[in-house]
């Protein structure tokens, strides 16, 4: 949101349940990065997110609190999926996207742990499927 005054950035961010416009701007940059990875058919499950999103203060968006103290997980795509979930819940509270994503990750992600491919590489942690 370059070129937009801080108070206007904050107003736009607050519309989406984010109190700080600079945090929201970093989310948009990070989501744009992930979109580009996906659009060019690149591997995303264990990719380091180059445009790391900023996080709001603990307790502001509880679904993101687990990432605050874990620098490694902040660079993984699962954080961006959690950010998407937050935004989707604000935009369309009746969306079934989260359930469909959970189902896809649980049932569609290949079982290739024997060669090091797992959901952990995406940044998920224990109990993620209960919180998602």
Using Cα springs under 10 Å in a Gaussian network model of the chain, which residue among 73, 22, 100 shows the largest mean-square fluctuation?
100
When only C-alpha pairs under 8 Å and at least 6 residues apart count, what is the relative contact order of segment 6-131, in percent?
23 percent
Relative to the chain, whose Cα atoms define the longest principal axis, helix 97-107 and its Cα axis are tilted in degrees, nearest 10, by 20 degrees
What number, in percent, do you get for the relative contact order of segment 68-125 if the mean sequence gap of Cα pairs under 8 Å and at least 6 apart is divided by its residue count?
46 percent
Figure the gain on full extension for residue 126 and residue 106 (residue separation times 0.36 nm, minus the Cα-Cα span) and round it to one decimal in nm.
5.9 nm
Against the longest alpha carbon principal axis of the chain, how many degrees, from 0 to 90 and to the nearest 10, is the axis of helix 21-39 turned?
40 degrees
I'm spelling it out carefully: the read-out is Rg/Rh (Cα atoms, Kirkwood Rh), the candidates are (1) 0.97; (2) 1.03; (3) 1.08, and one was derived from this structure. Which label?
(1)
FRET efficiency for residue 36 and residue 84, using Cβ-Cβ distance with R0 set to 22 Å, rounded to 0.05:
0.90
Mean separation of Cα contacts under 8 Å (6+ apart) over length of segment 1-73, as relative contact order %
24 percent
In a Gaussian network model over the chain where Cα atoms closer than 10 Å are linked, find which of 41, 120, 86 has the largest mean-square fluctuation.
41
Okay, helix-only estimate at 222 nm for the chain: each DSSP H run of n ≥ 4 adds -39500 (n - 2.57), divide by all residues, round to 500 deg cm²/dmol; what do you get?
-14000 deg cm²/dmol
Starting from the Cα of residue 96, step 7 Å along the direction of its Cβ; do the same at residue 7; then give the gap between the two resulting points in nm.
4.5 nm
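Every read-out reported here was derived from the displayed coordinates using simple, explicitly stated rules and does not represent laboratory data. Computed from a predicted model, the values in this text were never measured in an experiment. Quick reminder, even Gly has a Cβ in these numbers, built from the backbone with ideal geometry, and neighbours come from all protein chains shown.
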